[in-house]
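Notes follow the structure.
Each value in this text was obtained by applying a stated rule to the coordinates, not by laboratory testing. The model shown is predicted, which means the values in this text are computed figures rather than measured ones. So basically every Cβ, Gly included, is an ideal-geometry build from the backbone, and we count neighbours across all protein chains shown.
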Amino acid sequence: MLRIVANRLIVAVPTLILVSMLIFGLQKLLPGDPVLAMAGEDQDAQVIATLRAKYHLDEPVPVQYALWVRDVAHGDLGTSLRTDVPVASLIAEKLPVTLQLAVMAMIFALGIGIPAGIVSAAYRGTALDYGANVIALSGMSIPNFWLGIMLIFIVSVRWHLLPSSGYVPPTEHFWLSIKTMLMPAFVLGAALGAQLMRHTRSAMLSVLRADYIRTARAKGLLRGAVIVRHAFRNALIPIVTVLALLFGELLAGAVLTEQVFTIPGFGKLVVDAVFNRDYAVVQGVVLVTALSFIIVNLVSDVLYIVLNPRLRRS
Amino acid sequence: MRTLMIAAALTIGVAASSGAAAQTSGQTLRIGLQEDIGSLDPARSAQVVDRIVFASLCSTLVDIGPDLKFVPKLATSWTTSADGKTLTFKLRQGVKFQDGEPFNAAAVKANLDRDRTLPTSNRKSELASVDHVDVIDPYTVAIVLKSPDAALLATLSDRAGMMLAPNTLADAAGVATHPVCSGPYKFVQRVQNDRIVLEKFDGYWDAAHYPIQRVIFQPIPDTTVRLANLRSGSLDMLERLAPSDVPAVKQDPNLRFVSVSGLGFYDLTFNIANGPRSNTPLRDKRVREAFELAIDRDAINRVIGAGIFAPANQALPKSSPYYDAALPFTHRDIAKAKALLKAAGHEHLNLELTFGNNTVASQIAQMLQAMVQEAGINLKLRPTDYAAALNAAHNGDFEVLFTGWSGRVDPDGNLHQFNTCSGNLNYGHYCNADVDKLLNDAREKPDVATRKPLYDAAAKLLADDDPIVYLYAQPWPFALSKKVHGFAPYPDGLIRLRDVSIKD
């Protein structure tokens, strides 16, 4: 197992380099100049020149990239061009916010998707199955931002049940923090839950057809025990794969959800940074995102081995 | 798995059991901003919205009244020398910075010197006329100029006149993350994209007039969500209400709508001489005039602006003493527009309009497209994001540009850099020696009486040459909870909290 982890980590390095080069290059292709955006309304020529020199924006792109890599290798992700705040501290400030959103959204997704998938597979072809499918399809087709705005209007403006937007750190006020995050987490989790339900259902269906399930039934085991202990455990392997892939979708979805609910997380940070051509921030965020994606996939690989004893020997 | 399910059940249970959103506690005022602020350092600040936060955080030497006349703030009085080259300020005594340092002439000098020398200072060009600053006595300071600068007082009513605690100035990174100023509220915390928290500074010289204890600024860029927050009670007021939401706010019994015409404007800039893309019929002023004649400003105001986009025909706001009331408005006249185009040798014309994309801008672009179509101008629309539009403007990569300016108190700020041959913001590279002379001379005259004729003459020349078509004055629409009392809007859009309170 350790060898697998080590191998994966070694492959991660070129992946990160490639991703960072790609983003660096793509950013430079964007029309728009961070210094002009930063110089504000007055566009003082002298200030523009000073800023350009200070952030090495007058150098050729490969040199800029090399300088960035050098700094990153020294643990320095640079400074936000717009706010003068170090990128590392921005990331440290925003990452927990998005993690909280992601974890809560995952709880919703898992809480809705897996039971619904199991039930609809177990009761295949019944009204329960069709009902779950209809809900799943609507969950997948309703756009994030629309659901978000509707929820704000109904739950916050009309009913005054939950805060309409913003963020409260759990260390400051735990319950208020959970309450503030409920709607966005639900919005983000709903679409994922729907996908998860579909995948769980099809994984369960294929497992339920297997011989050993028939054997288990024939032995006289309870239906519930067969489904949960025998079928679901084996269905988990494709589900874990999907979960790891959904993590990417979760991060992408967080960008929109954070915009709608004004959550000061990773997504909002990167969108603002792109609009202001705050290169250093975009680079830093992309690097951390790619890294976390790699880690999540690594964890899912390890989980396969835990879930499937056959893989341990090979 | 089971633990996850339990956690999910718990969170849902919590949501159901505890009601009501975060409530207004005591005298905390929560203000929704349209965008997050940039730097917290007044010397580095580059955005309009920064000034809204600074207005509570950092006091200026002088301030403006609603009529744009200068009123005392940290300076109690001021005099200009006969040659216009020395501005002497008498300073308020007994004023303290938020770290307890005393405010005095040395502090003023330290701040102005920093604004003029910090390499990345955005205040340098505003203070370019300053030669040096003299400390006359602890409460008298003289600003000595290279040449007379009529706009300096206005400059000092803005970020260049904001006084920070001298002991903190050496650490630029510290100022940007935790500014220590001289205003009624001191800095507590900033979470980027989320909030800026200020708390009342009890040592402020005018503290009795500030009943609000805590101010929280929350940037919420989405106008719908910003308004929803106000309605749900998560905000007490917001700035820059979307025009399309004005009727809804007016009808809401819990809200109040307050609006004022700002100092700035929205305009169309024609590319006359900036790069290869200026090679269009727009070089002919008859074509520019025809373009203007095809536009119906009142319709834009009615349809898109909900009545708050006051039509403009010049760079200066109506509230300014320099506003030229005699300058005629160009009203829509399609026949005349067509005739002018014909005289210039064009029946039909293809042009491109570049604009930074947002809801209002794209509505205006589409309306302009329809209007000029009737005069025979086929307008192609090119929406870009703001940063790209800015780049296009500088590089001359546009034919017609829809853009705006937040405005300055002094007329110079709305005219000089846009219309002089080498102006920073003269994107179309319009150049007229007479205009240059008038605008340069007006900088050096001492008062309204002597400056106004020069600005009137320049306005006339500009209206005739039409390098820029002014569309409407930038509005500052606010929506407030009925609980907020004592708020008055100013043309500069700043939120001044003197005597503002919350009463249920």
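A few comments on the model shown:
- For the range A:202-233 versus the range B:453-502, the gap between their alpha-carbon centres in whole angstrom: 72 Å
- Take the Cα of A:M21, step 7 Å toward its Cβ, do the same at B:D464, and the gap between the two points is 6.2 nm.
- As a ratio to 2.2 N^0.38 Å, the alpha-carbon radius of gyration for the range B:421-470 is 1.15.
- Applying a threshold of 21 Å to the alpha-carbon distances of B:K96/B:K124; B:K437/B:K460; B:K124/B:K460; B:K318/B:K452; B:K73/B:K186 flags B:K96/B:K124; B:K124/B:K460 as lying beyond it.
- Taking every Cα-Cα distance in the range A:189-250 and sorting them into 10 Å bins from zero, the calculated P(r) comes out as 22, 44, 24, 9, 0 percent.
- Placing R0 at 45 angstrom, the Cβ-Cβ distance between A:I237 and A:D71 gives a FRET efficiency of 0.65 after rounding to 0.05.
- Under-5 Å amide H pairs with B:G32, H placed in peptide plane, nonlocal only: B:Q218, B:D236, B:M237, B:L238, B:E239
- Sorted by Cβ density within 10 Å, fewest first, the residues B:V258, B:V175: B:V258, B:V175
- Karplus 3J(HN,Hα) series, Hz, for the range A:70-83 with 6.51 cos²θ - 1.76 cosθ + 1.60 (x for Gly, Pro): 4, 5, 5, 4, 8, x, 10, 8, x, 10, 4, 5, 8, 10
- For the pair B:K482 and A:M150, a Förster radius of 30 Å applied to the C-beta separation gives a FRET efficiency near 0.70, rounded to the nearest 0.05.
- Using every pair of distinct Cα positions in the range B:90-146, the Kirkwood expression returns a hydrodynamic radius of 12.1 angstrom.
- Separation in nanometres of the label points that stand 7 Å from Cα toward Cβ, at A:K219 and A:I142: 4.3 nm
- Peptide A:178-186 has a mean of 3 when you count, residue by residue, the C-beta atoms of other protein chains within 10 Å of its C-beta.
- Crossing angle, helix A:2-29 versus chain A [Cα axis fit, 0-90 degrees, rounded to tens]: 50 degrees
- Three principal axis extents describe the C-alpha atoms of the range A:58-206; from largest down they are 65, 43, 26 Å.
- Net lengthening on full extension, B:T224/B:Q189 (0.36 nm per residue, minus Cα-Cα): 10.0 nm
- Counts of other chain beta carbons within 10 angstrom of each beta carbon in peptide A:160-172 average 6.
- Residue-span extension gain [A:R158 to A:V11] - 0.36 nm each, minus C-alpha spacing: 47.8 nm
- Proximal lysines to A:K28, defined as alpha-carbon separation beneath 22 angstrom and excluding residues fewer than eight positions away on the same chain: A:K54, A:K268
- Backbone N atoms of the range A:209-237 closer than 13 Å to the 7 Å Cα→Cβ label point of A:R310 belong to residues A:210-212, A:234-235, A:237.
- When the alpha carbon coordinates of the range B:296-449 are projected onto the principal axes, the ranges are 47, 37, 34 Å, largest first.
- The protein assembly as shown, dipole about Cα centre (Lys/Arg Cβ +1, Asp/Glu Cβ -1), debye to the nearest 20: 3840 debye
- Top of A:V285, A:V11, A:V299 by mean-square fluctuation, Gaussian network on chain A, Cα under 10 Å: A:V11
- Charge dipole (the protein assembly as shown, unit charges on Cβ, about Cα centre) - positive-most of A:L291, B:F54, A:M140: A:M140
- Taking the longest Cα principal axis of chain A as reference, the axis of helix A:87-122 is set at about 20 degrees.
- Once the chain from B:T86 to B:N440 is taken as fully extended at 0.36 nm per residue, the excess over their C-alpha distance is 125.6 nm.
- For the range A:1-95, size of Cβ-based charge dipole, Lys and Arg +1, Asp and Glu -1, in debye: 660 debye
- The convex hull of the Cα atoms of the range B:35-160, projected and averaged over all directions, covers 8.0 nm².
- Modelled spin labels at A:R124 and B:D134, positioned 7 Å past Cα toward Cβ, are 9.5 nm from each other.
- Mean Cβ count within 10 Å, highest first, over the residues of peptides A:208-215, A:194-201, A:26-33, B:140-147: A:194-201, B:140-147, A:26-33, A:208-215
- B:K452 sits among other residues whose Cβ lies under 11 Å from its own Cβ, and their net charge, with Lys and Arg +1 and Asp and Glu -1, is -1.
- For the segment A:147-154, counting C-beta atoms of other chains within 10 Å of every residue's C-beta and taking the mean gives 2.
- Isotropic mean projected area of the C-alpha convex hull, the range B:221-365 (nm²): 11.3 nm²
- Considering only chain B, percent of DSSP beta bridges that pair antiparallel, nearest 5: 75 percent
- Applying 1/(1 + (r/R0)^6) with r as the Cβ-Cβ distance of B:R498 and A:D58 and R0 = 35 angstrom yields a FRET efficiency of 0.15.
- Ranked by how many other beta carbons lie within 10 Å on average, peptides B:40-51, B:293-304, B:491-502, A:170-181 from highest: B:40-51, B:491-502, B:293-304, A:170-181
- Positive minus negative residues near B:T354 (Lys, Arg vs Asp, Glu; Cβ under 9 Å): -2
- Residue order, fewest to most surrounding Cβ atoms within 10 angstrom, among B:F270, A:F247, B:F418, A:F145: A:F145, A:F247, B:F418, B:F270
- Cα-centred dipole magnitude for chain B, charges only on beta-carbon of K, R (+1) and D, E (-1), debye, nearest 20: 900 debye
- Estimated Rh, the range A:95-313: Kirkwood, alpha-carbon pairs, angstrom: 19.0 Å
- Burial order of peptide ranges B:153-163, B:424-434, A:37-47 (average beta-carbon count within 10 Å, highest first): B:153-163, A:37-47, B:424-434
- Each Lys or Arg adds one and each Asp or Glu takes one away; over the other residues whose Cβ falls under 12 Å from the Cβ of B:E126, this sums to -3.
- Amide hydrogen neighbours beyond the local backbone of B:Y472, cut-off 5 Å, H modeled: B:Y266, B:A312
- Taking other C-beta atoms within 10 angstrom as a stand-in for reagent exposure, B:K109, B:K73 fall in the order B:K109, B:K73, fewest first.
- Hull volume per residue, based on the alpha-carbon atoms of the protein assembly as shown and their convex hull, is 185 Å³.
- Close amide-amide hydrogen proximity is noted between B:D63 and B:V71, B:K73, each under 5 Å apart and 5 or more residues distant or on a separate chain (H modeled in the peptide plane; Pro and chain starts excluded).
- Computed over the Cα atoms of the range B:159-227, pair by distinct pair, the Kirkwood hydrodynamic radius stands at 13.7 angstrom.
- Using the Cα coordinates of chain B, the gyration tensor eigenvalues translate into equivalent-ellipsoid semi-axes of 39, 33, 20 Å, sorted from longest to shortest.
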